[in-house]
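In what follows, a structure is listed as structure tokens, so that the remarks can point back to it.
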Amino acid sequence: MSQPSDVVPVRERHRFDEDALAAYLRGHADGFSGEVRVGQFAGGQSNPTFLIESGDRRYVLRKKPPGKLLPSAHAVDREYRVMKALADTDVPVPRMVVLCEDDSIIGQMFYVMECVEGRIFRDAMLPDMGADERAAIYDSMNEIMARLHQVDYEAVGLADFGRPGNYIERQTARWIKQYEASKTDEIPSFDALVEWLPKNIPPGDEVAIAHGDYRLENMIFHPTEPRAVAVLDWELSTIGHPLADLGYNLQGFYMPVAGGAVGAPRSLPAGIPSVEDYAAKYAERTGRARIENLDFYIAFSMFRMAAIVQGIVMRAKQGNASSDNAGDVGKMARAIADAAWALAQKA
């Protein structure tokens, strides 16, 4: 098997005792034997991710980053739990192997899962594909999100995975706190959103498993077919409002691009559906007549993204961000907040 192109040697600040890991896996992972070879996936901003090879078998390890962390952040144990709970549903996830909560093994809590072979699309515009394949990929992403939101979370053992109800209100308060804890610059548009969002939360409430970071880059697609075979990166998952996931999934259509109008949808390559068509398909799959207050949920998600990006800035300054381009990503916080505020004003 060839090594994935985005696997690099383990970065110095993320090195750990590979012999200790091998010994632990021999004692705790069914079918594991032998030594390990370790590489690090280049992408990702939050939890460092590693390719573990032993003989002809491959695994993926996710762990908390080193250094001082924000409260409740980098919840690899929650990732493990939700994917294990979804194993027997129609939501595709990797098979979980083991969760290690003992920091003494490699320095931080970690879990190991199977390595799913396939493609990860880093560019959501899918520049190297034709219109039909783009359409099929986006439809697969839409379909799996709809499936996730219809899973009976109590039946799969996640009744206590989050507090049902008032999700948007609680998330707004949480991300304001996270932003304040990692604030490095004044962003007027973010302050405006802090005032606007709590006063404009749509009426009514819904409860479902919410992924929290549902986007194309967090999915593995079949090696040759335009269908998703695994959903990854469940760190922010909880019992929440399904339309928060939809808003987050659609925020990429509004993200700042060079020469684009702030708060306006970006131009899309042939095959990628419009915001309206994508939302309508999700509504059909989840038994809704239409999606009410969609602009609010998109603006809310962009507000949250601005807060997350601000956390990346802080970690970059501390020197423990999991990706080398964290500083560049952090520069986007202001632009994202500006675009979110422009959309909120339209809503």
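Only Lys, Arg, Asp and Glu count, each charged at its Cβ (+1, +1, -1, -1), so figure out the dipole size of the stretch 52-131 about its Cα centre, rounded to 20 debye.
Numbers: 12 positive and 13 negative charges, 48 e Å.
The calculation lands at about 220 debye.
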On C-alpha positions alone, give me the angle between the axis of helix 275-285 and the longest principal axis of the chain, in degrees, nearest 10. 70
Taking a ≥ b ≥ c as the square roots of the eigenvalues of the Cα gyration tensor of the stretch 130-228, is the shape rounded (a/c under 1.5), prolate (a/b larger than b/c) or oblate? oblate
Just the Cα atoms of the chain: what Rg and Dmax do they give in Å? 19.9, 59
Expected sort for 167-180, 204-217, 284-297, 238-251 on mean C-beta neighbours within 10 Å, highest first, is 238-251, 204-217, 167-180, 284-297
Highest-MSF residue in the chain out of R81, R57, R304 [GNM, Cα springs under 10 Å]: R57
Apply the Karplus parameterisation 6.51 cos²θ - 1.76 cosθ + 1.60, with θ equal to phi minus 60°, to every residue of the stretch 304-315 and state each ³J(HN,Hα) to the nearest whole Hz, in sequence, with x for glycine and proline. 5, 4, 4, 5, 5, 4, 5, x, 5, 4, 4, 5
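When Lys and Arg each count +1 and Asp and Glu each count -1, what net charge do the other residues less than 11 Å away from R215, Cβ to Cβ, add up to?
Details: positive: R122; negative: D213, E217, D233, D245.
Net local charge, R215 excluded: -3.
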So the angle from the long Cα axis of helix 18-28 to the longest Cα principal axis of the chain, reported in degrees to the nearest 10, equals 90
Overall form of the stretch 7-114 per C-alpha gyration tensor (a/c, 1.5; a/b vs b/c): rounded
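Every read-out reported here was derived from the displayed coordinates using simple, explicitly stated rules and does not represent laboratory data. Keep in mind that what you see is a predicted model, and the values were worked out from it rather than measured. Ideal geometry is used to build each Cβ from the backbone, glycine not excepted, and the neighbour counts take in all protein chains shown.
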